[in-house]
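The values are calculated or read from the model by the stated rules, or taken from the named source; none is laboratory data. Model, not experiment: these values are computed from the prediction. Every residue, glycine among them, receives a Cβ derived from its backbone with ideal geometry; neighbour counts consider all protein chains shown.
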Amino acid sequence: MVELETERLIMRQWRESDLNVYAEFYSNQQAARFVGGQVTRDKAWRQMASIVGHWVLRGYGLWAIEQKQAPGLIGCVGLWEPEGWPELEVGYWLVPKAHGHGYATEAAIRARDYAYTELEAETLVSYIDPANEPSKHVAERMGAWHEATIELLDHGPHCVYRHPSPSMLNGDGK
């Protein structure tokens, strides 16, 4: 598993010790409402194991993120394309105490750039619940635009935010 850094964050592999924060996040109905909803601790364990397994099967996935100055899980960001997913997605969530500091945008930009440069992805989207305004703002700060709204498998309606490729960001339009 590749580990990445940003100015303030470490994007790292998952550790068993992350389960406490992960399970606490997913036990909070309000916090988890846009990322699959509230689950029990044992279900959170299986979800975390699925994230690790995605790395094994696909060679990329969601990173655990922590602040350089204050180690400990504050959320996750990364690339997600499980079986049946329409397109490669850059996704993100943070524990509530980490909101409002620009961490999601900072880490998601690094994940987006990794997808395009290292994985040579041709397209990249974020699937966002229509009611999730903070996530829409993150996508927009990254330069993404709302392209459509689709039925995302069994997750209901989701806005498709299309992320620009490096060539689009550099202005050559390719």
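Structure notes:
- Residues in the range 100-110 that are more than 11 Å from Val138 (Cα to Cα) and either surrounded by fewer than 18 Cβ atoms within 10 Å (Cβ to Cβ) or not basic (Lys, Arg) (or both): His101 alone.
Yes/no per residue for (1) closer than 15 Å to Arg112 by Cα; (2) of a type in the set (A, V, I, L, M):
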residue: Val2; (1), (2): yes, yes
residue: Tyr26; (1), (2): no, no
residue: Arg33; (1), (2): no, no
residue: Val39; (1), (2): no, yes
residue: Ala49; (1), (2): no, yes
residue: Gly53; (1), (2): no, no
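- For the range 87-99, taking the residues that are in contact with a Ser or Thr (Cβ under 9 Å, 6 or more places away or on another chain), of a type in the set (A, V, I, L, M, F, W, C) and in contact (Cβ under 8 Å) with a residue 40 or more places away in the chain, the one that is surrounded by the most Cβ atoms within 10 Å (Cβ to Cβ) is identified as Val90.
- Note on the range 41-132: enclosed strands (runs of 3 or more DSSP E) holding 1 or more residues that are more than 13 Å from the chain's Cα centre (by Cα) and polar (S, T, N, Q) are 62-67.
- Of all residues in the range 48-66, those satisfying the criterion of being closer than 14 Å to Asp18 by Cβ and either among the β-branched types (Val, Ile, Thr) or surrounded by fewer than 16 Cβ atoms within 10 Å (Cβ to Cβ) (or both) are Ala49, Ser50, Ile51, Val52, Ile65.
- Tabulated pairs, the range 2-18, first among the hydroxyl-bearing types (Ser, Thr, Tyr), second at pLDDT 95 or above and crowded, with 16+ Cβ neighbours inside 10 Å, C-beta under 8 angstrom, 6+ apart or interchain: Thr6/Glu106; Thr6/Ala107; Thr6/Ile109; Thr6/Arg110
- If you filter the range 19-36 down to residues that are assigned to a loop (DSSP other than H, G, I, E, B) and out of contact with any helix residue (DSSP H, G or I) (no Cβ under 7 Å at 6 or more places or on another chain), you find that the one that is farthest from Glu133 (Cα to Cα) is Asn28.
- Test: Gly84 is crowded, with 22+ Cβ neighbours inside 10 Å and small (Gly, Ala, Ser): no
- Among the residues of the range 150-162, those identified as loosely packed, with under 13 Cβ neighbours inside 10 Å and in a strand (DSSP E or B) are Glu151, Pro157.
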